[in-house]
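Down below is the structure, laid out as structure tokens.
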Amino acid sequence: MTSLFRSLAALSFSVFCAVFLTLSFVPVPAQEQDSADLLEWDPRLVRGTLDNGLSYVIHDSKREGDPYNIRLIVNAGSVDEAAPGGLAHILEHMVFQSTKAHPETIHRYIARLGWRTGVQINAMTRDTETQFMVRTRPHDALDVDGVMALLADMLLAPVLSADDWSRERQVILEELRLNSSVAERVNRLKKAQVRNGSNYAATTPIGTRERIEAVGIDEIQAFHERFYRPSNMTVIVSGRVDPATVVAALDRHFGSYPSLSAPERPYLVLPLRPGIHIGRVQDPAGMSSRVTYAFRVSAPKRDTIDGLRFYLEKYFLGRLIRDRISAQSSAFSGEVEGLTFVLQETTNERLTLAFAAKTHDHDMGLAVLLREVERLRQNGVSETEFAALREKVADIARRNVKAAGSRTYQTWEDKIASSLVQGKVLTHPETERDQILAALDEITFEDLNRRLVEWLGAADRLVYYQVPGSVQRELPTEEHVMSLEAGFARQRFSPVTEGVGVSVPEAKDEDEELEVEEPTARLELPEMSEATGDAGRLSAPEDLGKGVIGWRLENGDRLVWLDRPTPGDKLTIKALSEPGFENRQYPSWLSQAAIQLWDQSGFDFWTETENASYRENKDPKWSVALKPGELDIAAIASPEELSSLLRAYGHKILHVSLSADALSAFRSQMGEDLARDFTPSQKLAMQVNAWRFGNTATRPDARDLEHLTLQDLSEAAANILMQPVTWLVVGPRPQPAAGFGLESLFARHVGRIPRQATLGPVPSRQVDGHRKETVHVYEQAMASVRLLGSTDMEWSPEKAFLLSALTPLTQTALKDELRLRLGGVYSVAFEMTLSPWTDRLELDVSFTCAPDRAEELALAARTVLDDLPNRLTGMQLDRLREDLRFAESGRLEDPNTWVRRLGLSLRSYGDARYLETMAQLADRLTQDRIEALAQSLIPLARSLTVIALPRKAP
């Protein structure tokens, strides 16, 4: 994706990401790009093709210390199969099994390298391609030549045995089980409607259970033989590499395979046909109710100047139509709950303009959609909004030249891959800027409205009703839809009208001008001194080591400043206080509700309009997170913004009052939550928490809501906010100007806020004993296993860091047993944390599996944990230490890491010593320490095993 369009995607996320669609590409040899109309690739990229047809794109970052990423794209996906798909995805799994060079399986080989699937190597199957990704580390176990040998062996020389398939089939079935949520199923049904009449509609990458169970090894081998050939592959390499060395490695390991032509794929371009497709989206467990009316249109290829201009127009119309539909909201108020618009790329060379109405009256919703689309067709988009958006796009194009200079090697890889998959060209940033600015000069407002009329007159249209699972709804006929279209086309609509009914649309002879509301002027908060008297005072500075200075404020708050460079000289600020929502005075739900409503409330010295204006314009902003053990209020600001930011905090504490409307809204929301029927998974999670921590109230009941008062919420918020605060600042600390330093702003704006330690912590702790529960909750044939354990262990930041290194080793041990040896799961979730609030190590293992294997796999997981010290004996830790150092080098570039570590150091030692010792933590990761840590976990002092199975038949 080019830099401009990545920025544009950020500006209009809903337009670009509403439906997950996969596009396709056919590599274009460099020698064919000699037409003046074709865009040119960035000359810094090395592109070429081996004699047997393998294409490659190489980017040398020229940055010493960079590792490299490799992505291999095979032009084969579910669209290349018969319905219902699944074969391409099966092959993606199978190439990780036995190969000619690695009969022990690729999984075992990469484990010996110290790699992890999903981290250093991963793969994914989409509609039109399968991608294999390798993410190396500095001084990794394999160099470029070794990785190319691995990929060539995996993809071109897999054994594809029946024994491997028998085991891996169970893993894929578990993956299918994980992807069988209502949302996933409904999303697939929607895609099938939008892409009706094509192979995209009939297949999905993962297929169905019946298909997976029916596939034989001969089908897998035949699919591999047809699509896994060099001419149907492209390799992308990005990082600190020598392009000549990369090409030599490609030729050495891929070049000896036969030169076979790439398979023909005429079905890639979605066919368009005149008429209206009528369909239904309905899942037995679905709850949503809406109508969609859409147009499918042709689009040019992206690799030409004309294509660049077309997709600029597409971006403009996507934004402007969405805004126009929003402006028309008064015309359909009371008829439907709301209208939405999405302009999406259905496949390469195809666009879909989709209008949707949220409603339970589908016939009414359809009429409203047809009427409002006709209103849009007649009146077009806003010229004022077009002019403003045009300037914004031009500014982005100019700024992206500078932004492109900071691309990482990972960003280059993503951009190259995205360009290839979407049939685009990754041009030089300056060239791209000039081309975009030239295209903007040519695009007129009249052009856009002509394009809009063209698209809204497309012959290929579709209507589908999304219906809740339990509802019966008759679909309209094509003739009925066409009759409604024709009826509205005979009417004349103003741009925005009030109270228009569906049956008798208001007709106008002339367009009306849309009134543009001017933005409200920015409001400034009054100085704190006007409300709190004289400014507070700071104590004498205290040197806490490692460039950290500390002060005490007059109200008991503590200010701690780490003076170090940050990007843009910004200040990263945290205000931490204890406890969080797990406190002795208030139920957790009340604490959380009080702080949430406080955060959403405005200042009591302004009107609602003034508060709304301030919320819209203020920047930077405080973010508020109430956690179990602490209240975390954070912001990032420039030194010049610090005064207004702290003034906002002070007023937020002293001049915010919760309103009766806030209480009413909370009661209403919680009442709806109490009334609704929770899903089996939600009910299970609540029951597990009750077993784990005892029967603690995590949400109010009807009696709690009935007796809850505004004073209860206000007092809870005030008491939580009055707890003493430790202020942490990371960033450059300028020299005081005229005797006044930035740190004095804390005394001025927050030093007089009254503080008092009134709340006591009551952290949740797992109950003593060892417990096992079996419950029957699922409607479908699935089981889940969850193992929760805890052991007493004194917290320290150093120990927590070392335990974080043990976590991936433990997860690998679990995966080796449960997936690779037993073939019973697709993935295993594992978390292990050392809590500073409880001085306990807590671990959580969870996975899904077939019901008849739940007991077996639960026992196997527990056996892995019990035997963990032995499984880690003799492990080579050099690679792990290198990984930690590499990860640390990236983390330490982020000021948020320093502010978090500074807080941990203060909590543990009262000074900054952890900022010194953390640099040596990777060196402390020795075999003895790892084994000692593992020994300290086992046996678990407390454990809870929960096996959830399908419901029993009545």
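The values are calculated or read from the model by the stated rules, or taken from the named source; none is laboratory data. Only a predicted model underlies this, so the values are computations on that prediction, with no experimental measurement involved. So basically every Cβ, Gly included, is an ideal-geometry build from the backbone, and we count neighbours across all protein chains shown.
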**Answer residue from segment 819-839, given it is assigned to a helix (DSSP H, G or I) and out of contact with any Phe, Trp or Tyr (no Cβ under 8 Å at 6 or more places or on another chain) and is surrounded by the most Cβ atoms within 10 Å (Cβ to Cβ) among those** = LEU820
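Residues checked against (1) closer than 26 Å to GLN491 by Cβ; (2) under 29 Å from the mean Cα position of the chain (by Cα); (3) among the basic types (Lys, Arg); (4) surrounded by fewer than 22 Cβ atoms within 10 Å (Cβ to Cβ):
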position: THR292; (1), (2), (3), (4): yes, yes, no, no
position: TYR315; (1), (2), (3), (4): no, yes, no, yes
position: SER330; (1), (2), (3), (4): yes, no, no, yes
position: THR340; (1), (2), (3), (4): yes, yes, no, yes
position: ALA388; (1), (2), (3), (4): no, no, no, yes
position: GLU391; (1), (2), (3), (4): no, no, no, yes
**Boolean, VAL74 is under 29 Å from the mean Cα position of the chain (by Cα) and under 16 Å from LEU151 (Cα atoms)** = yes
**Asked** Within segment 13-34, is even one residue more than 23 Å from the chain's Cα centre (by Cα), over 30 Å from SER256 (Cβ atoms) and at pLDDT below 50?
**Response** yes
**Request:** From the list ARG350, ARG280, pick out the single residue that is in contact with a Leu (Cβ under 8 Å, 6 or more places away or on another chain) and more than 28 Å from ILE443 (Cβ to Cβ).
**Result:** ARG280
**Message:** Of the conditions (1) closer than 23 Å to ILE305 by Cβ; (2) in a helix (DSSP H, G or I), LEU426 satisfies every one except a single condition; which number is it?
**Reply:** (2)
**Complete:** Checked ASP619, ASP604, ASP599 against criteria (assigned by TED's automatic domain parsing to the domain that holds THR698 and more than 28 Å from PRO895 (Cβ to Cβ)); the one match is ASP604
**Request:** Find the residue count for segment 62-91, including only residues that are among the small types (Gly, Ala, Ser), part of a loop (DSSP other than H, G, I, E, B) and farther than 18 Å from SER418 by Cα.
**Result:** 5
**Fill in**
When ASN870 is run through (1) part of a helix (DSSP H, G or I); (2) under 30 Å from ARG135 (Cβ atoms); (3) modelled with pLDDT under 95, the failure sits at (2)
**Residues satisfying the stated conditions in segment 292-317, i.e. part of a strand (DSSP E or B) and either more than 15 Å from TRP41 (Cβ to Cβ) or of a type in the set (Asp, Glu) (or both)** = THR292, TYR293, ALA294, PHE295, ARG296, VAL297, SER298
**Item:** Odd one out for VAL269 among (1) aliphatic (A, V, I, L, M); (2) in contact with a strand residue (DSSP E or B) (Cβ under 8 Å, 6 or more places away or on another chain); (3) assigned by TED's automatic domain parsing to the domain that holds GLY457; (4) surrounded by fewer than 17 Cβ atoms within 10 Å (Cβ to Cβ)
**Value:** (3)
**Request:** Inspect segment 895-904 for any residue being within 30 Å of PRO732 (Cβ to Cβ), at pLDDT 85 or above and part of a loop (DSSP other than H, G, I, E, B) and give the result as yes or no.
**Result:** no
**Message:** Please pick out the residue among LYS683, LYS627, LYS652 that is of a type in the set (Lys, Arg), within 26 Å of the chain's Cα centre (by Cα) and more than 30 Å from ARG951 (Cα to Cα).
**Reply:** LYS627
**Asked** Within the bounds of segment 890-898, is there any residue that is more than 30 Å from TYR409 (Cα to Cα), in contact (Cβ under 8 Å) with a residue 24 or more places away in the chain and out of contact with any Cys (no Cβ under 8 Å at 6 or more places or on another chain)?
**Response** no
**Prompt:** Which residues, taken from segment 365-384, are in a helix (DSSP H, G or I) and either over 28 Å from GLU485 (Cα atoms) or of a type in the set (S, T, N, Q) (or both)?
**Reply:** GLN378, ASN379, THR384
**Request:** Evaluate the following for ASP632: is it of a type outside the set (Gly, Ala, Ser), in the same structural domain as SER744 (by TED's automatic domain parsing), crowded, with 16+ Cβ neighbours inside 10 Å and part of a helix (DSSP H, G or I)?
**Result:** no
**Asked** Taking VAL946 and the conditions (1) β-branched (Val, Ile, Thr); (2) in contact (Cβ under 8 Å) with a residue 40 or more places away in the chain; (3) part of a helix (DSSP H, G or I), which numbered condition does it fall short on, given that it satisfies the others?
**Response** (3)
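Here's the yes/no breakdown for (1) modelled with pLDDT of 95 or more; (2) β-branched (Val, Ile, Thr):
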site	(1), (2)
ASN75	yes, no
SER78	yes, no
GLY86	yes, no
ILE90	yes, yes
MET94	yes, no
GLU104	no, no
ILE110	no, yes
TRP115	no, no
**Message:** What pairs come out if I take residues in segment 79-105 that are over 19 Å from LEU173 (Cα atoms) and pair them with residues that are at pLDDT 95 or above and of a type in the set (Lys, Arg) whose C-beta lies under 7 Å away, six or more apart or interchain?
**Reply:** ASP80/ARG265
**Request:** Would you check which residues across segment 328-356 are in a strand (DSSP E or B) and either more than 30 Å from GLN422 (Cβ to Cβ) or without any contact (Cβ under 8 Å) to a residue 12 or more places away in the chain (or both) and list them?
**Result:** SER333, VAL336, GLY338
**Message:** Let me confirm something: among VAL269, VAL291, VAL194, which residue is within 30 Å of MET482 (Cβ to Cβ), in contact with a helix residue (DSSP H, G or I) (Cβ under 6 Å, 6 or more places away or on another chain) and among the β-branched types (Val, Ile, Thr)?
**Reply:** VAL291
**Prompt:** Could you give every pair whose Cβ atoms fall below 8 Å, whose first residue belongs to segment 601-612 and is crowded, with 17+ Cβ neighbours inside 10 Å, and whose second residue is modelled with pLDDT of 85 or more and among the aliphatic types (A, V, I, L, M), counting only separations of at least 6 or pairs across chains?
**Reply:** SER601/VAL656; SER601/LEU658; GLY602/VAL656; PHE603/VAL656
**Request:** Residues that are under 29 Å from the mean Cα position of the chain (by Cα) and not assigned by TED's automatic domain parsing to the domain that holds LEU843: find the strands (runs of 3 or more DSSP E) completely inside segment 708-818 holding 2 or more of those.
**Result:** 726-730
